[in-house]
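Step one of this worksheet: look at the structure below.
The values are calculated or read from the model by the stated rules, or taken from the named source; none is laboratory data. As the structure is a computational prediction, the values presented were derived from the model and not from experiment. As a convention, Cβ positions derive from the backbone with ideal geometry for all residues, glycine included, and neighbour counts pool all protein chains shown. What goes into the accessible areas is simple: the full protein's heavy atoms, side chains included, and nothing from ligands, DNA or RNA. Shrake-Rupley method; radii C 1.70, N 1.55, O 1.52, S 1.80 Å.
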Amino acid sequence: MLTVEPDPASLHAFGPDLNDRPARAPAHREGRRQAAEAAAEFRLARKSGSDLA
């Protein structure tokens, strides 16, 4: 099972107020960046036969 949680850069982009409209674009960018990294990690683990534990 793979669990993805916000990394420090994503958390910083969110800021303290999740309803802060100006933070939405930076948070979205960080989320897409982190998703790409997680997808690459998942593909590598799947290719190597790892159980992602």
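For the chain, the longest principal axis of the alpha carbon atoms and the long axis of helix 24-48 meet at an angle near 0°.
Keeping all protein chains in place and using 1.4 angstrom, which order do Leu2, Leu44, Leu11 fall into by accessible surface area, from largest down? Please list the in-between numbers first.
Working: Leu2 75, Leu44 115, Leu11 95 Å².
From most exposed to least exposed: Leu44, Leu11, Leu2.
Using a probe of 1.4 angstrom, how much of the accessible area of the chain is carbon and sulfur, in percent?
Working: 2540 of 4460 Å².
Heavy-atom surface of the chain belonging to carbon and sulfur, 1.4 Å probe: 57 percent.
Here r is the Cβ-Cβ distance between Lys47 and Leu18 and R0 is 35 Å; the resulting FRET efficiency, rounded to 0.05, is 0.50. Taking 0.36 nm per residue of separation and subtracting the Cα-Cα distance, full extension of the segment from Leu2 to Ala36 would add 10.9 nm. Return one quarter of the surface area of the convex hull spanned by the alpha-carbon atoms of the chain, equal to its mean projected area, in nm². Projected over every direction and averaged, the Cα hull of the chain covers 3.9 nm².
A 1.4 Å probe run over the protein chains yields, for the chain, 84 Å² of accessible area per residue, whole-number rounding. Once all protein chains are placed together, Asp17 keeps about 80 Å² accessible to a 1.4 angstrom probe.
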